[in-house]
Amino acid sequence: MRINKYIADAGVCSRRKADELIANGNVKINGITVKEMGVDVGRGDVVEVNGRVIETASKKVYVVVNKPVGMITSMDDEKDRATVAEIVADIPERLFPVGRLDYNTTGLLIMTNDGELTYRLTHPKHEVYKTYVAKVDGVISDARVAKLRRGVDIGGFVTSPAKVRVLRQMPRYAVVEISIREGKNRQVRRMFATVGNRVRELKRTQIGEIKLGRLKEGHYRKLTKAEIDYLREL
């Protein structure tokens, strides 16, 4: 098994993050630091990450979390801020988030210790639609909706065509559902800002066919077998 996959399957981090740890010299096999990405781990090899011996997780766990505002998408934080790890603290396996939600965004976040699944879901070639509901300032005109649907320049990056539906238009704000395939930093907020509507509130409600439903903020639920099978087949 490749070393980055071994680290991911142990629930330490995603495969992409494991590559960074390897490149930075934070990984040892049998006491020897390795920096080559293609190294294999064999039966009986001892793997250390940041001085801690790790083993691949025997039980795979998959949950959906409803992240509240004011919580960061990380398992620990050097500034001692609240993290999504607190929501799943009663699960004995070490889980890590699939992708990110920014500090002020709420909603659906998948967490798992399945490094292979995390790698596939976050890889650019698997462009799964992610759906958000945004409360934005002002009126969102048909012209602005059309721009979002075509794709907009958010500063050196032109977004792919988005699915956009105005759910409610009030005198001073609008509620809009938007589905995007990429995951650039603060992408939805930047997209609305580009067309002239500031986002007041933002909630992710769906990833592919996985829905948040009525899950309360700060709580989690386990994925069903059908949901896990769907993610594996992407």
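Restricting the range 66-90 to residues that are in a loop (DSSP other than H, G, I, E, B) and free of Cβ contacts under 8 Å to residues at least 12 places away in the same chain, which is nearest to TYR103 (Cα to Cα)? Here the answer is ARG81.
Restricted to the range 156-234, the set of strands (runs of 3 or more DSSP E) holding at least 2 residues that are under 19 Å from SER141 (Cβ atoms) comprises 163-169, 173-180, 199-207.
Within the range 49-72, none of the residues are over 30 Å from LEU202 (Cβ atoms), in contact with a strand residue (DSSP E or B) (Cβ under 6 Å, 6 or more places away or on another chain) and open to solvent by 20 Å² or more (accessible area, probe 1.4 Å). What are the residues in the range 136-152 that are buried (at least 18 other Cβ atoms within 10 Å of the Cβ) and either among the hydroxyl-bearing types (Ser, Thr, Tyr) or in a strand (DSSP E or B) (or both), if any? VAL136 - this is the single residue of the range 136-152 that is buried (at least 18 other Cβ atoms within 10 Å of the Cβ) and either among the hydroxyl-bearing types (Ser, Thr, Tyr) or in a strand (DSSP E or B) (or both).
Counting the residues of the range 201-234 that are exposed (fewer than 15 other Cβ atoms within 10 Å of the Cβ) and closer than 19 Å to VAL145 by Cβ gives 1. Picking from residues in the range 42-63 that are part of a strand (DSSP E or B) and touching a helix residue (DSSP H, G or I) at 6+ places or on another chain (Cβ under 8 Å), the one that is farthest from ILE110 (Cα to Cα) is VAL47.
What about GLY115, is it under 30 Å from ILE3 (Cβ atoms) and modelled with pLDDT under 95? So GLY115 fits the description; yes.
The values are calculated or read from the model by the stated rules, or taken from the named source; none is laboratory data. Because the structure is predicted, anything quoted here is derived from the model rather than measured. Positions of Cβ are generated from backbone atoms using ideal geometry, with glycine treated the same way; all protein chains shown enter the neighbour counts. In case anyone asks, the SASA skips ligands and DNA or RNA and just uses the protein heavy atoms, side chains included. Shrake-Rupley method; radii C 1.70, N 1.55, O 1.52, S 1.80 Å.
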